[in-house]
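Contents: one structure, followed by commentary.
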């Protein structure tokens, strides 16, 4: 069965990131899971974040599509990637990154747990 949902109006809930992961700036991120399928362990949602730098370790597979803004993502021990509106990215489970958000971003994400 198909599921259709509209993106709820703001304000959205604050998406927490533990303080010890913040490297520079003040974290102000908000978003929400728009569709969840607990049976398939899948979430699809939207996330906004103001400029900040933080470390993130992926405990799940995540795909994102950038709707606006700019972020530089440094893979720990690997490459550096600059993402902006229109870009897709995939983060496999176990990936460790430093996110440096230069301009406020909005992305759509799909998470597989």
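The values are calculated or read from the model by the stated rules, or taken from the named source; none is laboratory data. Bear in mind that the values here come from a model prediction, so they are computed numbers and not experimental data. Methodologically, a virtual Cβ is constructed for each residue, glycine included, from the backbone with ideal geometry; neighbour enumeration extends over all protein chains shown.
Computed quantities for the displayed model
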| read-out | value |
| --- | --- |
| Condition broken by residue 7, with the remaining ones in (1) more than 13 Å from residue 108 (Cβ to Cβ); (2) surrounded by 11 or more Cβ atoms within 10 Å (Cβ to Cβ); (3) more than 15 Å from the chain's Cα centre (by Cα) satisfied | (1) |
| Extreme residue, surrounded by the most Cβ atoms within 10 Å (Cβ to Cβ), among residues of the stretch 31-40 that are touching a strand residue (DSSP E or B) at 6+ places or on another chain (Cβ under 7 Å) and over 20 Å from residue 104 (Cα atoms) | 34 |
| Of all residues making up the stretch 41-80, the number that are in contact (Cβ under 8 Å) with a residue 60 or more places away in the chain and surrounded by fewer than 17 Cβ atoms within 10 Å (Cβ to Cβ) | 3 |
| Qualifying residue in the stretch 43-53 (condition: farther than 30 Å from residue 6 by Cβ, modelled with pLDDT of 95 or more and touching a helix residue (DSSP H, G or I) at 6+ places or on another chain (Cβ under 9 Å)) | no |
| Subset of the stretch 51-67 (residues that are within 19 Å of residue 87 (Cβ to Cβ) and outside any strand (DSSP E or B)) | 51, 58 |
